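See structure below.
The values are calculated or read from the model by the stated rules, or taken from the named source; none is laboratory data. Everything numeric here is computed off the predicted structure, so don't read it as measured data. FYI the Cβ positions are ideal-geometry reconstructions off the backbone, even for glycines, and counts take in every protein chain you see. SASA here: full protein model, heavy atoms, side chains in, ligands and nucleic acids out. Shrake-Rupley method; radii C 1.70, N 1.55, O 1.52, S 1.80 Å.
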Amino acid sequence: QVQLVESGGGLVQAGDSLRLSCAASGFTFSSYVMNWYRQAPGKLREWVAGIGSGGTTNYLDSVKGRFAISRDNAKNTMYLQMNSLQPEDTAVYYCNVYYGGMPYWGKGTLVTVSS
């Protein structure tokens, strides 16, 4: 079965960096678009970045130039390098894949950015 496990969150100060990881299993990781979403307190979950099977990337406008999504197909792992973090980046970050027409989510990892 599809499993997604996020890690790497934490408490940082504004301007710091973090790298999130998503370990995937239960499907052919290299063949699927993978996404990062986030949900801030009191807000709806929003898409942050996506990476295609061939490595094409897309980003939410507010994170362009600060965040970088990548994948290591040999390790079935996706990453999100987050630089110049700001308090508005505070959220639970989720890994996502659409498999068999269904969305799958990890449990999330909390990123807290203090000012």
Self-check item: Residue tally, condition in a loop (DSSP other than H, G, I, E, B) and open to solvent by 40 Å² or more (accessible area, probe 1.4 Å), over segment 3-13
Solution: 0
Exercise. List every residue pair whose Cβ atoms lie under 9 Å apart, where the two residues are 6 or more positions apart in sequence or sit on different chains, the first residue falls within segment 1-18 and is closer than 20 Å to residue 88 by Cα and β-branched (Val, Ile, Thr), and the second residue, located anywhere, is in a loop (DSSP other than H, G, I, E, B) and open to solvent by 60 Å² or more (accessible area, probe 1.4 Å).
Key: none
Quiz item: Going through segment 49-69 one residue at a time, which ones are touching a Leu at 6+ places or on another chain (Cβ under 8 Å) and closer than 19 Å to residue 99 by Cα?
Solution: 49
Quiz item: Taking segment 35-48 on its own, how many of its residues are in a loop (DSSP other than H, G, I, E, B) and either among the basic types (Lys, Arg) or crowded, with 22+ Cβ neighbours inside 10 Å (or both)?
Solution: 2
Practice problem: For segment 18-31, indicate whether the set of residues that are more than 19 Å from residue 72 (Cα to Cα), under 11 Å from the mean Cα position of the chain (by Cα) and among the charged types (D, E, K, R) is non-empty. | Solution: no
Quiz item: If you go through segment 23-34 one residue at a time, do you hit one that is open to solvent by 50 Å² or more (accessible area, probe 1.4 Å), without any contact (Cβ under 8 Å) to a residue 24 or more places away in the chain and not polar (S, T, N, Q)?
Solution: no
Quiz item: Scanning for something under 16 Å from residue 4 (Cβ atoms), free of Cβ contacts under 8 Å to residues at least 40 places away in the same chain and of a type in the set (Gly, Ala, Ser), does segment 93-107 turn up at least one residue?
Solution: yes
Exercise. Give just the number: which of (1) in a strand (DSSP E or B); (2) acidic (Asp, Glu); (3) surrounded by fewer than 18 Cβ atoms within 10 Å (Cβ to Cβ) does residue 16 not satisfy?
Key: (1)
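Residues in segment 86-115 that are among the polar types (S, T, N, Q), open to solvent by 10 Å² or more (accessible area, probe 1.4 Å) and closer than 12 Å to residue 37 by Cβ: how many? Even if it seems obvious, please write down each step before you answer.
Quick first cut of segment 86-115, residues among the polar types (S, T, N, Q) only: 86, 90, 96, 109, 112, 114-115.
Restricting the remaining residues to those that are open to solvent by 10 Å² or more (accessible area, probe 1.4 Å) gives 86, 90, 109, 112, 114-115.
In the following step, the residues that additionally are closer than 12 Å to residue 37 by Cβ were identified as 109.
Here the count works out to 1.
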